[in-house]
Amino acid sequence: MSSIVDLRALSAAYGLSNTKSVPSLSNRNNKVEDKAEVPSFEKVLEKGFQKVSDLQVNAEKAMMAMATGDINDISEVAAAVSEADVALRFAVMIRDKLLDGYAQLVRMSV
């Protein structure tokens with residue numbers, strides 16, 4: 001249960017919380033109530049990985065600014081680096097899960 005909460009919190013933190021959920025299969029008349037367009041899986045991944053990339057660039061800029069003396073507060077740099085680290089770990093975790101799922105599909109007998 002805690003991993004689901006963590007994924008929801010991380011998704012919200014990186015701007016992925018505005019995606020629509022899949023309608024419930026228990027709906028008796030099988031009509032979709034919300035006709036809003038749901039972004040494709042590819043777009044969601046692309047947006048998430050772009051955010052990770054942006055955070056990495058921001059952390060690098062903060063480190064360079066500290067090295068040149070533009071930033072005196074090391075906590076700003078530490079926060080940017082920490083945020084980029086968490087985002088990268090999350091992206092690696094998603095990649096590993098996707099590769100594991102693909103490997104399971106390949107091993108399936110038809």
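Yes/no matrix, rows are residues, columns are (1) part of a loop (DSSP other than H, G, I, E, B); (2) at pLDDT 95 or above:
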residue	(1), (2)
Lys31	yes, no
Phe49	no, no
Asp54	no, yes
Val57	no, yes
Lys97	no, yes
Where a residue in the stretch 66-92 is surrounded by 10 or more Cβ atoms within 10 Å (Cβ to Cβ) and its partner, wherever it lies, is outside any helix (DSSP H, G or I) and charged (D, E, K, R), with Cβ under 9 Å and at least six apart: Met66/Asp73
Are any of the residues in the stretch 79-89 in a helix (DSSP H, G or I), charged (D, E, K, R) and more than 16 Å from the chain's Cα centre (by Cα)? no
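The values are calculated or read from the model by the stated rules, or taken from the named source; none is laboratory data. As the structure is a computational prediction, the values presented were derived from the model and not from experiment. Every residue, glycine among them, receives a Cβ derived from its backbone with ideal geometry; neighbour counts consider all protein chains shown.
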